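Report on the structure given below.
The values are calculated or read from the model by the stated rules, or taken from the named source; none is laboratory data. Remember, it's a predicted structure, so these values are computed and weren't measured experimentally. With ideal geometry, Cβ positions are generated from the backbone for all residues, glycine too; neighbour counts draw on all protein chains shown. To get the accessible areas, we keep the full protein, side chains included, count just its heavy atoms, and leave off ligands, DNA and RNA. Shrake-Rupley method; radii C 1.70, N 1.55, O 1.52, S 1.80 Å.
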Amino acid sequence: MITPRLEMILRHVTGNAAADIGTDHGYIPIKLAEKGMKVIATDINEGPLGAAQKNAEKYGANISLRLGAGLEPLLPGEADCIIIAGMGGELIQNIISADLEIARHALLLLQPMNSQYELRNFLRENGFCIEYEDLAAEGHKIYNLFVVRSGEPNQYKKEIDLHLPPLLYGNSLFRMLVEKKRREFEKIYKGLSAGGDGTGAARIKLLLDDTIAIERSLENESF
């Protein structure tokens, strides 16, 4: 039931009350309820909430289930920790943007399945600080987790830092992430070059070069 990416989220939950946004089967809320936390599980669709309710009953977990979009079902300050995981980075941005004040009242655990660069940039531009980042691997897939609070935004010296942030340099899975980003940049660069987009290709080439430099530094155990 609890996979490595979900276990990673559970490790970073703090406070007495948590909310899981887009709860799906309710696995995270069940584990938190078993620890004695007050837990709210929300979803925009009735189907996942029904599945979460069945699982909660199966494990005897006391969970408040609420139907609604994003953070709408929550009151400001109602949850010490808000989990938004298992969805795209742009959707996470939209959820936070729609209810900024609620988001500012809690620790945010964000697990974007894509568009990590865009989400980091969004948080920087909207007064949020990424206090910590973590990684989990399941097979050949690697998952990010952002631990976020309202506060002084992160400063990134180079564009590559928004893709491969220094906060992750000491993570045991960082090398795996670097290799993934190198493959992504190589593919994008090849496509832009073939399409005649010189400006776009030049930008990606810089990111690719920086990624390769980081990879070589890891090989020399510089981090």
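In plain terms, the chain from N16 to K141 could stretch by 41.8 nm, reckoned as 0.36 nm per residue minus the Cα-Cα distance. For K58, the aspartates and glutamates whose Cα comes closer than 17 Å to its Cα, not counting residues fewer than 8 places off in the same chain, are D24, E34. Rolling a 1.4 Å probe over the protein heavy atoms gives the range 98-160 an accessible area of 46 Å² per residue. For the chain, the Cα gyration tensor yields ellipsoid semi-axes of 34, 18, 17 Å (square root of five times each eigenvalue, largest first, whole Å).
Per q in 0.16, 0.18, 0.22, 0.23 Å⁻¹, report the Debye log10 I(q)/I(0) for the range 84-148, using one uniform scatterer on each alpha carbon and no solvent. Rounded to two decimals, the profile gives -0.47, -0.60, -0.88, -0.96. Pairs exceeding 27 Å between alpha-carbon atoms, taken from K54/K141; K31/K141; K31/K158; K158/K187: K54/K141; K31/K158.
Ranking A213, G195, H163 by how far each Cα lies toward the positive end of the dipole of the range 77-223 (charges on Cβ) leaves G195 at the top.
Computed over protein heavy atoms with a 1.4 Å probe, the carbon and sulfur contribution to the accessible area of the chain reaches 48%.
Full extension of the chain between M1 and D161 gives 54.2 nm of extra length, using 0.36 nm per residue less the Cα-Cα distance.
Mean-square fluctuations from a GNM of the chain, with a 10 angstrom spring cutoff on Cα atoms, peak among E101, E90, E186 at E186.
Placing unit charges on the Cβ atoms of the charged side chains and taking the dipole of the chain about its Cα centre, the candidate lying farthest along the positive direction among M87, L107, G68 is M87. Rounded, prolate or oblate: which one fits the range 122-223, using the alpha carbon gyration tensor with axes a ≥ b ≥ c (rounded when a/c is under 1.5, else prolate when a/b beats b/c, else oblate)? Since a/c reaches 1.5 but b/c is at least a/b, the shape of the range 122-223 is classed as oblate. Considered as an equivalent ellipsoid built on the Cα gyration tensor, the range 70-184 has semi-axes of 24, 15, 12 Å, the largest given first.
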